[in-house]
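Below is one structure, written out as structure tokens; comments come after it.
The values are calculated or read from the model by the stated rules, or taken from the named source; none is laboratory data. It should be emphasised that the depicted structure is a prediction, and the values quoted were computed from it without experimental measurement. Glycine gets a Cβ as well: all are built from the backbone with ideal geometry, and neighbour counts include every protein chain shown.
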Amino acid sequence: MEERGGRGVGMRDVAEAASISRQAVYLHFASRAELMVATARYGDRVLGLEERKRHYLAAKGGVESLQAYVEFWCNYIPEIYGVAKALLEVRETDEAAAAAWDDRMGTVRESCRETIEALHRDGLLAPGWALEEATDLLWTMLSIRNWEHLTIERGWSQERYVERMRRLTKRAFVRGAGET
């Protein structure tokens, strides 16, 4: 997927790359969409996603959870960027790529929701935020496209990006943090 920018990757290509028959691929994956979702999830396993998530999942309280999640996700983006970019480039015209993208971004959005809910439970969600709207904005702020614009197009270092996003999300969502 990375080599071709997500374009023209079919079941035959996967079978050839894995040195198996196309029928063998279909025995494991009923559709190309299912294969693409599984590929993205496999990438997460190879990169140790579950182990890396433990830090933010173990956070004590909403503020620590927000800061840890932002740091985790912002540092994970560069590692998945090649596949993410490939999916982004073809998802408008490729149902399988769209399914894989939606699956992964749905997981990211759910993590954003859990983070916002932790702030809310602690009574620290900034005034004026409904849970869904805060979730939507956090998810958008942490989007791969925003990372791409700031680090690749504008030349921000990864460290600067993470630090700024941590500060910005705290000011936006934590009661009293935006007033200082």
Discussion item. Which residue is nearest to S111 (Cα to Cα), if the candidates are limited to the range 134-157 and must be free of Cβ contacts under 8 Å to residues at least 24 places away in the same chain and not in a helix (DSSP H, G or I)?
Written reply: S143
Practice prompt. Only one of these is surrounded by fewer than 18 Cβ atoms within 10 Å (Cβ to Cβ), free of Cβ contacts under 8 Å to residues at least 60 places away in the same chain and not basic (K, R): T107, T115. Name it.
Written response: T107
Discussion item. With the condition being among the acidic types (D, E), I'd like the helices (runs of 4 or more DSSP H) fully within the range 1-99 carrying at least 3 qualifying residues.
Written reply: 62-90
Worksheet item: Out of curiosity, is R171 within 21 Å of A58 (Cβ to Cβ) and assigned to a helix (DSSP H, G or I)?
Response: no
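Yes/no per residue for (1) buried (at least 17 other Cβ atoms within 10 Å of the Cβ); (2) more than 28 Å from G43 (Cβ to Cβ); (3) modelled with pLDDT under 95:
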position: Y69; (1), (2), (3): yes, no, no
position: E132; (1), (2), (3): no, yes, no
position: R154; (1), (2), (3): no, no, no
position: V162; (1), (2), (3): yes, no, no
position: M165; (1), (2), (3): yes, no, no
position: L168; (1), (2), (3): no, no, no
Worksheet item: Between a first residue in the range 29-49 that is under 23 Å from Y76 (Cβ atoms) and a second residue that is basic (K, R) and surrounded by 18 or more Cβ atoms within 10 Å (Cβ to Cβ), which pairs have beta carbons less than 6 Å apart while being 6 or more apart in sequence or on different chains?
Response: A40/R104
Item to complete: Within the range 85-104, identify whether any single residue is free of Cβ contacts under 8 Å to residues at least 24 places away in the same chain, under 15 Å from the mean Cα position of the chain (by Cα), surrounded by fewer than 18 Cβ atoms within 10 Å (Cβ to Cβ) and under 17 Å from D44 (Cβ atoms), and answer yes or no.
Response: yes
